[in-house]
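See below for the structure under consideration.
All of the numbers you see were taken from the coordinates with simple rules; none came from a lab. A quick note: this is a predicted structure, and the numbers were derived from the prediction, not measured. In this analysis, Cβ positions are derived from the backbone assuming ideal geometry, glycine residues included, and neighbour counts consider all displayed protein chains.
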């Protein structure tokens, strides 16, 4: 990503990959809920999402013992949840339902 998009009116955003997720996106999003898949490797510099969601197979190596602590190190204080499902289709369905409920005020 070469230019940070205008996110001033966004309530929620899905970030396709942590490889293209600089902190400037999170700063531009303000209080908007940012949702992202797990980073592709533990070496990624940052992943400042409010929710990181994916299947347990997507979690970087070494995250098994303390996945939330590892995610928190990349996301910082913005991270509210790390959700790891079993099976990739389960992650997609869960993510859609969870984001919908949060945007409609059905969650914390």
- How large is the Kirkwood hydrodynamic radius of the range 12-103, in angstrom, based on all distinct alpha carbon pairs? 13.0 Å
- Over the range 12-103, what is the relative contact order in whole percent, taking alpha-carbon pairs under 8 Å and six or more residues apart? 25 percent
- Message: At R0 = 22 Å, how high is the FRET efficiency between residue 11 and residue 68 if r is their beta carbon distance? Nearest 0.05 is fine.
- Response: 0.35
